[in-house]
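Right, one structure below, let's go through it.
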Amino acid sequence: MPRAHKIAVIGRKSGTISGISDVLSFDENEIVLDTDMGLLTIRGKELHINRLSLELGEADMEGKVDSLVYSERGHRKKQEGSLLKRMFR
């Protein structure tokens, strides 16, 4: 059952996101999330994920947010598996 997808950004400096299925990639300039509404790319500066719970489908982030862009699933290939799975190989 899909979770409610919500985004709350406060002053372009922090935010919460729900409805996350997976974290595909992240660095200080870009975070790519698989959400119930498609792929969400967050671009900015000094981006950090402070809290991540894939069981709840939620994340808290901080940093300067410049853009939030959605694209359809399948646009980006997930050949290597999720980011977390690759980190713990």
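Its Cα gyration tensor gives the stretch 1-58 an equivalent ellipsoid; the semi-axes, largest first and in whole Å, are 18, 12, 10. Label-to-label distance, residue 10 versus residue 69, with points set 7 angstrom from Cα along the beta-carbon direction: 2.8 nm. Each peptide in 59-65, 43-49 gets a packing score, the mean of other Cβ atoms within 10 Å over its residues, and the list from highest to lowest is 59-65, 43-49.
Where a number appears in this text, it was derived from the coordinates with a stated rule and is not lab data. Computed from a predicted model, the values in this text were never measured in an experiment. Backbone-built Cβ (ideal geometry, glycine too); neighbour counts: all protein chains shown.
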